[in-house]
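Shown next, in structure tokens, is the structure this report addresses.
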Amino acid sequence: ANIGMFSLYAAHKSKSGFVYAFEPFEENFQMLNKQIEANKLKNIVAIKKGLLNMEGKKDLFLSGINTGGHSIQFEQQAGKVTIDVTTLPQFCSKNNITKIDYLKIDCEGSEFDIWQYDPSILSRVRKIVMECHPYGEETVDKMQHLLESNGFKVIREACNHENIEMLYARKD
């Protein structure tokens, strides 16, 4: 969620839905909560965890450039902190979430890991917007194939950053 710009927008636009904003980094999480309070939004909750393929703790490598660039995958020189992580299926189960209308993912290289735990969670999702970072053996083509094999139509759009693409996926 970073500091919550998209999350706040989604909460403002949603008439009947609820927004769950995951942000594991303390400073961003505090700013996100301040934004929620300042906007007096009741249909959004900040979750101080990252989404991954496991429940527990993980090192988050800090970007020296911007707080939106911290990553579990890409070791950076600005230090690291330990964060709490959970899986999307476990979060949905604990919160009785059976349907996800819109899922925005910008997790700096961990997008493949999110689906590894249980790809069947994709059956609950209607639309996905995802910033996709190729990492090791994981490619944007592989992510597109995973989404398409789970019933999504996928549109790809190149970003201004090297090898990073936006994926827009939806089920009709």
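The values are calculated or read from the model by the stated rules, or taken from the named source; none is laboratory data. This is a predicted model, so every value here is computed, not measured. With ideal geometry, Cβ positions are generated from the backbone for all residues, glycine too; neighbour counts draw on all protein chains shown.
Before moving on, here are some points about what is shown:
- The set of residues from segment 144-172 being more than 19 Å from the chain's Cα centre (by Cα), among the polar types (S, T, N, Q) and over 15 Å from His133 (Cβ atoms) comprises just one member, Ser149.
- Residue pairs meeting the criteria (Cβ under 6 Å; at least 6 apart or on separate chains; first more than 13 Å from Glu111 (Cβ to Cβ), in segment 131-151; second of a type in the set (A, V, I, L, M) and assigned to a helix (DSSP H, G or I)): Asn150/Leu122
Quick grid of which residues meet (1) in contact with an Asp or Glu (Cβ under 7 Å, 6 or more places away or on another chain); (2) of a type outside the set (Gly, Ala, Ser); (3) assigned to a loop (DSSP other than H, G, I, E, B); (4) modelled with pLDDT under 90:
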position	(1), (2), (3), (4)
Val45	no, yes, no, no
Gln76	no, yes, yes, yes
Asp101	no, yes, no, no
Ser120	no, no, no, no
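- Matching residues, segment 152-167, being of a type in the set (A, V, I, L, M) and in contact (Cβ under 8 Å) with a residue 12 or more places away in the chain: Val154, Ile155, Ile164, Met166, Leu167
- Glu37 meets the conditions (1) part of a strand (DSSP E or B); (2) more than 18 Å from the chain's Cα centre (by Cα) in every case but one. The failed one is (1).
- Residue match in segment 124-137 (condition: farther than 24 Å from Val154 by Cβ and modelled with pLDDT under 90): no
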